[in-house]
Amino acid sequence: MEPIIQMKNITKRFPGVVALNNINFDVRPGEVHVLLGENGAGKSTLMKILSGAYTPDEGTIVIGDQEYQKLTPRLSTEYGISIIYQELSAVNWLDIRENIFMGRLPSKKAGGISVVDYAQINARTAELLERVNLGSRKPTTSVGDLSISEKQMVEIAKAIAFDAKIIVMDEPTSSLTEDEVKKLFVIIRQLKSEGRGVVFISHKLSEIAEIGDRITIMKDGSQMGTFQVAELTTDDMIRMMVGREIKGTYQHTPEEHYQFGDVLFECRNLTRKDNRAKDVTFQLRRGEILGFSGLVGAGRSETMCAIYGAAPKASGDILMEGKRLRIRNPYEALRHGIGMLTENRRETGFFSNFSNQRNIAIAYQLKHSLLDGIWGLTNEAGEKKIAERQRADIQIKCASLQQLTSQLSGGNQQKVILGKWMAAGVKLLIFDEPTKGIDVGTKSEIYKLMRGLADQGVGVIVVSSEMPELLGLCDRIIVMAEGRITAEYDVTSATEEKLAKAATGEIA
Amino acid sequence: MIVEENQMKEIEKKKFTFGDYWDKYSTVTILAAMIFVFGALQPASFLTGGNLVKIMEQSSITILLGLGEFFAILLGGIDLSVSSIMALSGALTAQLMVNAGMQPVVAVLLGVVVFGLAMGIANGVLVTATGLPPFIITLGTQAILRSLVYIVTDARAVSGLPASFSRIAGGKLFGMVPVPIIDALVTAVILAIFTRKTQCGRNLYALGGNPQSAWYAGITVKKHTIIAFAISGLCASLAGMVNIARLAAAEPNAGTGYETYAIEAVIIGGASFFGGVGEIPKVVVGGLIIGVINNGLNMVGVSSYYQQLAMGCLLIIAVTLDRFFGASRKS
């Protein structure tokens, strides 16, 4: 069958990375085309090219008999391409009909003046809601009162109202219950029968087998192939999604057999107030590096934030060296010797108005101040000594300690933050995506520093979405999915396939 | 890595540019330029010791308000209620002395120190508890407190302050230096030490620079926000005390609109409106600049109608220069 749209040999480069490398992707009428890949594989970039948000560096986009070098958001909408993002874009304070007809409100003439034709809108909205099985809702219901699943249906109704030929759904099931997923699939089948093409992005392999017709698997910006879904097993999918050359730079060597000491840190039945981490229990032994694997939003960073006191806990205990700790905010975590390197360095890791010296010294100073970090004097000379030592120990490359940290490279900024926690003398250090956006050379330096910390008896926890990183660095890996721990592996028995499988919620 | 080393050398080699100069000395340069211009136009009356002391005395209220305002702006916020705190503290202190018959020392302790801190803490608690922008909260408290001034004074001036109070608070040290100048300078010195030498001061810069990083670094964000507003409230009530001492009465309309002077002093003093950047001594200079403009234009014979015009132009020019040559241009 003639495809509705064809993306041919699409290549997109960003500074330092090839986000898409020669991708061929098409959508035919009446099919569900699944797009599968890890975080960062290039799925979103491809869809942004389809929506006209990005311009490809190479390749063409063919729609009918027209050939384009790029699409604009306007062209994309005109050709009937509609994208439903994971973070739904429905406007909560408008009602359903306004959301559906936003920017295209039908009008009528009243006394020669154009006014909104509410009668027509109401009728058409009611009809659309019927089609997406949302007939129980009135067109005038505020979207803010709808559930996530209902909001999704409103967005689908909107796509139908615009007569979309292609509807892209970015992880539409990630926050739906099983029942809601079933309802969604009914609608998707209906869209198919009307001859529309659906692009379905998901990590959930069982859903893919159920709803998908064809599948394109991506990995690190490359296309691993496009197949009939029926031809592949879930194991095939996982293998193609993660199967990559594992670089040996920071790999465990066989002669490195670490002896672990007593239990240093323990987390018992931790549940967050917002339920984004549920009943999490684990132990960390002295000298051990413990990894957390899983998809974004699986509850890994969320668990760490709760341990660190940055997000409220509903229940659960945190024990250091057998003693129960009360941690209600990061200051109390710091006082108890827990530090965290956050995922977003720029936003949550350092102070852009501070010099390297001040950024390094702040945790030490806070820890040694009284009254919740309020009472204490700063000591320029002592501060300088602390910073000098970290600069030498972890080889921070900076023009001077007085230089602003914001002027350093990402890797050196990360070293400054690491230096901050090392200077404060922490007992447990949590690394959330420690090498995100950091060049290969600095990466391996940071891995060495982490191993060095563990050898000194500091507890090290690593949250990472890069499986090779976890497999090369950690002694033990815990996998989380949907806020819970789904599997735990010793590094000697862990493989990327096992981790990926556990991350989708299917326990191996 | 080679690239990085080269970059580092470049940073080390970089010459001292106009931007660097402007970064450090913008405020002092503007003040010097003002004094030079007015001095050249009216050397006989403007450049006398007596007039310069007068300028400082006139500026003392702006400086005190600016010193407090600095902490609200340092956190990326603002405190619009300083003018009302100033008026209410003055009115309250006057009432305590005149109608309640309290000793001036006790009245000042209650009406200035305790009351100012309490109002500032109230602002801080409201800001942290509601999560609303300080602009909105302090716009509200500004109106509320101004209304309370009218209620407390029955919209009439409170006069007949004890002679001992006027003599000391409105007098001159060694018969030369007006006490309001001493009040402003001592406050400035204490706050300069506070910002440079204490952990709390350092934390406030961190919090203003990046509130999220501050939270993750272990800074108790709410407590520090309350402290910043408490300092602002205390400084405003000190300004209220100076004001009633200078006028020997508490006026219900005292300080109306002065929050703009306070903000101007801080901004001309080079503080970033986005928070995290600024220095106490420069706020003092910023306050003096406003005093010099008002006094100088008077001396030169320019109608007072033009004073606001001059202030407005100066504010925009100073911040524009900062935008194009100052530190903010780098990030």
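The rows are residues; the columns are (1) out of contact with any Asp or Glu (no Cβ under 8 Å at 6 or more places or on another chain); (2) part of a loop (DSSP other than H, G, I, E, B); (3) not basic (Lys, Arg).
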| site | (1), (2), (3) |
| --- | --- |
| B:Ser232 | no, no, yes |
| B:Pro252 | yes, yes, yes |
| B:Gly255 | yes, yes, yes |
| B:Tyr261 | yes, no, yes |
| B:Val266 | no, no, yes |
| B:Gly270 | no, yes, yes |
| B:Val277 | yes, yes, yes |
| B:Gly296 | yes, no, yes |
| B:Gly312 | yes, no, yes |
key: Leading residue by the ranking (nearest to the other protein chains (Cβ to nearest Cβ)) among those in region A:420-441 that are part of a helix (DSSP H, G or I) and surrounded by fewer than 20 Cβ atoms within 10 Å (Cβ to Cβ)   = A:Gly441
ask   = Taking helices (runs of 4 or more DSSP H) that fall entirely within region B:26-139, which contain at least 1 residues that are in contact with a Lys or Arg (Cβ under 9 Å, 6 or more places away or on another chain)?
value = B:49-74, B:82-98, B:115-130
query = If you scan region A:1-29, which residues turn out to be surrounded by fewer than 17 Cβ atoms within 10 Å (Cβ to Cβ), without any contact (Cβ under 8 Å) to a residue 40 or more places away in the chain and of a type in the set (D, E, K, R)?
reply = A:Glu2
task = Tell me, please, whether a residue that is in the same structural domain as A:Ala454 (by TED's automatic domain parsing), over 23 Å from A:Ala454 (Cα atoms), in contact with a Lys or Arg (Cβ under 8 Å, 6 or more places away or on another chain) and modelled with pLDDT of 90 or more can be found in region A:278-286.
result = yes
note = Of the residues in region A:66-120, those that are among the acidic types (Asp, Glu) and either out of contact with any helix residue (DSSP H, G or I) (no Cβ under 8 Å at 6 or more places or on another chain) or exposed (fewer than 15 other Cβ atoms within 10 Å of the Cβ) (or both) come to A:Glu67, A:Glu78, A:Glu87, A:Glu98, A:Asp117
Those residues of region A:326-335 which are more than 9 Å from chain B (Cβ to nearest Cβ) and surrounded by fewer than 19 Cβ atoms within 10 Å (Cβ to Cβ), in sequence order = A:Arg326, A:Arg328
task = Go through the residues of region A:396-419 one by one and say whether even a single one is more than 27 Å from B:Gly276 (Cα to Cα), surrounded by fewer than 19 Cβ atoms within 10 Å (Cβ to Cβ), more than 10 Å from chain B (Cβ to nearest Cβ) and touching a residue at least 40 places away in the same chain (Cβ under 8 Å).
result = no
inquiry  = Please go through region B:292-318 and give me each residue that is at pLDDT 85 or above and within 30 Å of A:Leu404 (Cα to Cα), ordered by number.
reply    = B:Leu314, B:Leu315, B:Ile316, B:Ile317
message = Taking the condition of being of a type in the set (Phe, Trp, Tyr) and either at positive phi or over 17 Å from the mean Cα position of the chain (by Cα) (or both), how many residues in region B:213-254 meet it?
response = 2
ask   = Quick one: is B:Leu41 among the hydrophobic types (A, V, I, L, M, F, W, C), more than 17 Å from B:Ile244 (Cα to Cα) and within 14 Å of another protein chain (Cβ to nearest Cβ)?
value = no
message = Taking the criterion of being modelled with pLDDT under 95, within 21 Å of A:Leu470 (Cα to Cα) and assigned to a helix (DSSP H, G or I), would at least one residue in region A:386-402 satisfy it?
response = no
query = Taking the condition assigned by TED's automatic domain parsing to the domain that holds A:Gln283, within 30 Å of A:Arg272 (Cβ to Cβ) and surrounded by 22 or more Cβ atoms within 10 Å (Cβ to Cβ), does A:Ala363 pass?
reply = no
ask   = farther than 18 Å from B:Leu109 by Cα, away from chain A (no Cβ under 14 Å) and modelled with pLDDT of 95 or more: does that describe B:Ala262?
value = yes
task = Taking the residues in region A:340-360 that are small (Gly, Ala, Ser) and facing another protein chain (nearest Cβ under 9 Å) as candidates, determine which candidate is surrounded by the most Cβ atoms within 10 Å (Cβ to Cβ).
result = A:Gly349
query = Quick check: is even one residue across region A:279-292 under 27 Å from A:Glu171 (Cβ atoms), touching a residue at least 12 places away in the same chain (Cβ under 8 Å) and not in a strand (DSSP E or B)?
reply = yes
ask   = A:Thr303: farther than 27 Å from A:Thr405 by Cα, within 27 Å of the chain's Cα centre (by Cα) and either at pLDDT 95 or above or not assigned by TED's automatic domain parsing to the domain that holds A:Leu453 (or both), yes or no?
value = yes
query = Hey, among A:Leu377, A:Leu284, A:Leu295, which residue is among the aliphatic types (A, V, I, L, M), under 28 Å from the mean Cα position of the chain (by Cα), surrounded by fewer than 23 Cβ atoms within 10 Å (Cβ to Cβ) and more than 23 Å from A:Gly459 (Cβ to Cβ)?
reply = A:Leu295
ask   = Which is surrounded by fewer than 20 Cβ atoms within 10 Å (Cβ to Cβ), of a type in the set (A, V, I, L, M) and either over 18 Å from B:Phe135 (Cα atoms) or more than 7 Å from every other protein chain (Cβ to nearest Cβ) (or both), of B:Leu185, B:Leu191?
value = B:Leu185
ask   = Any idea how many residues of region A:30-63 are crowded, with 23+ Cβ neighbours inside 10 Å, outside any helix (DSSP H, G or I) and among the aliphatic types (A, V, I, L, M)?
value = 6
Boolean, B:Ala250 is modelled with pLDDT under 95, more than 14 Å from chain A (Cβ to nearest Cβ) and either surrounded by 24 or more Cβ atoms within 10 Å (Cβ to Cβ) or within 29 Å of A:Tyr331 (Cα to Cα) (or both) = yes
request  = Kindly list, by first and then second residue, each pair from a residue in region A:476-490 that is assigned by TED's automatic domain parsing to the domain that holds A:Ile461 and within 10 Å of A:Leu295 (Cα to Cα) to a residue that is part of a loop (DSSP other than H, G, I, E, B) and at pLDDT below 95, limited to pairs with Cβ atoms under 6 Å and residues at least 6 apart or on different chains.
outcome  = A:Val479/A:Gly294; A:Met480/A:Gly294; A:Met480/A:Ala298; A:Met480/A:Gly299; A:Ala481/A:Gly294; A:Ala481/A:Ala298; A:Ala481/A:Gly505
request  = State all residues of region B:196-225 that are more than 17 Å from B:Gly77 (Cα to Cα) and more than 7 Å from every other protein chain (Cβ to nearest Cβ); if no residue qualifies, say none.
outcome  = B:Arg196
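The values are calculated or read from the model by the stated rules, or taken from the named source; none is laboratory data. Small disclaimer: the values here were computed from a predicted structure and weren't measured. Heads up, the Cβs are rebuilt from the backbone with ideal geometry, glycines too, and the neighbour counts pull from every protein chain shown.
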